[in-house]
1. Basic (Lys, Arg), in contact (Cβ under 8 Å) with a residue 24 or more places away in the chain and surrounded by fewer than 15 Cβ atoms within 10 Å (Cβ to Cβ) - does that describe any residue in the range B:2-22?
2. Which of the residues belonging to the range B:241-279 are hydrophobic (A, V, I, L, M, F, W, C), open to solvent by 30 Å² or more (accessible area, probe 1.4 Å) and within 14 Å of chain A (Cβ to nearest Cβ)?
3. Could you tell me whether residue B:198 is closer than 19 Å to residue B:251 by Cβ, modelled with pLDDT under 95 and in the same structural domain as residue B:214 (by the TED database)?
4. The conditions are (1) more than 16 Å from the chain's Cα centre (by Cα); (2) modelled with pLDDT under 95, and residue A:184 fails exactly one of them. Which is it?
5. Identify all residues within the range A:197-220 that are of a type in the set (A, V, I, L, M) and either open to solvent by 50 Å² or more (accessible area, probe 1.4 Å) or within 14 Å of chain B (Cβ to nearest Cβ) (or both); write none if there are none.
6. Counting just the residues of the range B:160-180 that are aliphatic (A, V, I, L, M) and within 11 Å of another protein chain (Cβ to nearest Cβ), which one comes out farthest from residue B:119 (Cα to Cα)?
7. Out of the helices (runs of 4 or more DSSP H) lying entirely within the range B:29-124, which hold 3 or more residues that are surrounded by 15 or more Cβ atoms within 10 Å (Cβ to Cβ) and within 22 Å of the chain's Cα centre (by Cα)?
Amino acid sequence: MAASGSGGSRADNGYGGQQQPRRRKGPGALATAYLVIYNVVMTAGWLVIAVGLVRAYLAKGSYHSLYYSIEKPLKFFQTGALLEILHCAFGIVPSSVVLTAFQVMSRVFLTWAVTHSVKEVQTEDSVLLFVVSWTITEIIRYSFYTFSLLNHLPYLIKWARYTLFIILYPMGVTGELLTIYAALPFVRQSGLYSISLPNKYNFSFDYYTFLILVMISYIPLFPQLYFHMLHQRRKVLSHPDEHKKSE
Amino acid sequence: FVSYQVEILDWKTKEQLCFLDKVEPNATIREIRLMFHKLYPRWYPARQSIKLDPKGKSLRDEEILQHLPVGTTATLYFKDLGPQIGWTTVFLIEYTGPLFIYFLFYFRMPFVYGLDERFTASPHPVVNLACICHSFHYIKRLIETIFVHRFSHGTMPLRNIVKNCFYYWGFAAWLAYYINHPLYTPPSYGKKQINFAVIMFLLCEAGNFSINVALSDLRRDGSKTRKIPYPTKNPFTWLFFFVSCPNYTYEVGTWISFTIMTQCVPVGLFTLLCFIQMTIWAKDKHYTYLREFKDYPSLRMPIVPFLL
């Protein structure tokens, strides 16, 4: 579920499209300015990653092992998304802290605890699958927020945000699951991030089992998020005049 | 003498669910709930949320019709709270689970650590001590639930119990697994650490019990209204000078002592989660006290003296 954009729009969960105007205290002018800058920077960052992928593909002539050409910006900008948790916590973005935290953490987990930590999977094609999905999704998502904050949201961006996920989301999830699956034997072999008894803290942790549990958790979570986005799509795209505030 | 008419509408659909004629002005909401229940037997009073406003708070049983801001034809809204379960029942289930689950691990049932280790005993005295303390803690809680606590709300939604049981029972199993494991390592500072922990444990249990009794005494007359708790002659209650919810303070203390006694990370994690949960509850309670009582003691903090 890390593949798609931040789980749709919680901003209107209870109120649908009929939220009373100004009932929620929106971000002030300073916060709005900051958010615009943040979203512009993130859009630019993911564009850099997109361009990097294309250039590497053209230079190499194949789509294998493109991870290395965008490794640093991917880590930087994906990790930067942690700020979004703070945005919710400080109330300048009307989303649930818990939901946002969950989504960002799952992306960060995949970036660092799987792809970065298990070097052997970095050459897998599944990595490209989720990186491409994330890249397209994030470029659209962050530009969506940027335009929303500036009150000039082109319908195309709105349409893209609520339509492309139909393909990108499953694509990303597939890439993520295949990558975790590919990492399993190496984790087992090296005992990565695992601690066994006996030890003075009386604690044990098996990263291999943990990864399997993570994979299993996709089963209940992915359909829920996917159908939530589909539901949002029906609501948002059937009211072309309704202006969705940023999240 | 004017008799009232009461109509009750569904909070969402606004459809009229019932119309009560000739209601006494001094009728209580409890009586109205009983009348509603007669018409709709499946909605027993504990499941009924009766309110003045579709999105508002539920009215209490003790509220009197003529004191409410309604005309002689009152419109009330009904919301089904779902199947309810009594607090006493909830606590009994929540606390009996960990008690017995811990024993499964202590006695090393075959399915826990494998057939080779079944029914063996740990060579470490602290493991026996931990079992005694853990059991003591939950037996004490069960006794308090039956004989001491007086609950302000009678019930909670049934689905909460599944969630709560998963949490309490699950954690009990997790920490019992490590403490009673054949490869368990006793605390690094040995007897000193264990003895310190035991003393702290007993003090906190005594403290928590004292507070529960003191709180229960506030409602000895059977009333359901809130009163400010004050320190009594019992020194353990003197924590009331500094905190609104010393029962939570002592509870966290108990779990800290258990963590020190067992030197076990899962216990520490459980303690941390308890602390977070109880801080939330304590803050809630504290601010409710502040709102209701103008003369509330200003020195008090919610759960940690001077700090939190």
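1. Filtering the range B:2-22 for residues basic (Lys, Arg) gives B:12, B:14, B:22.
This time we only want the ones that are in contact (Cβ under 8 Å) with a residue 24 or more places away in the chain, so: B:12, B:14.
This time we only want the ones that are surrounded by fewer than 15 Cβ atoms within 10 Å (Cβ to Cβ), so: B:12, B:14.
Yes, the conditions are met somewhere in the range B:2-22.
2. Residues satisfying the conditions are B:260, B:265, B:269, B:272, B:276.
3. no
4. Unmet for residue A:184, out of (1) more than 16 Å from the chain's Cα centre (by Cα); (2) modelled with pLDDT under 95: (2).
5. Restricting attention to the range A:197-220, the residues satisfying the condition of being of a type in the set (A, V, I, L, M) are A:197, A:211-216, A:219.
Matches in the range A:197-220: A:197, A:212, A:213, A:216, A:219.
6. Applying the filter and picking the extreme gives B:175.
7. Result: B:87-106.
Residue-by-condition table, conditions (1) free of Cβ contacts under 8 Å to residues at least 60 places away in the same chain; (2) touching a Cys at 6+ places or on another chain (Cβ under 6 Å); (3) within 14 Å of chain A (Cβ to nearest Cβ); (4) open to solvent by 40 Å² or more (accessible area, probe 1.4 Å):
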residue	(1), (2), (3), (4)
B:154	no, no, no, yes
B:158	no, no, no, yes
B:182	no, no, yes, yes
B:188	no, no, yes, yes
B:192	yes, no, no, yes
B:202	yes, no, no, yes
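The values are calculated or read from the model by the stated rules, or taken from the named source; none is laboratory data. Values in this document were obtained by computation on a predicted structure and should not be read as measured data. All Cβ positions, even for glycine, are placed from backbone atoms using ideal geometry, and neighbour counts span all protein chains on display. Just the protein is used for accessible areas: all its heavy atoms, side chains included, with ligands, DNA and RNA removed. Shrake-Rupley method; radii C 1.70, N 1.55, O 1.52, S 1.80 Å.
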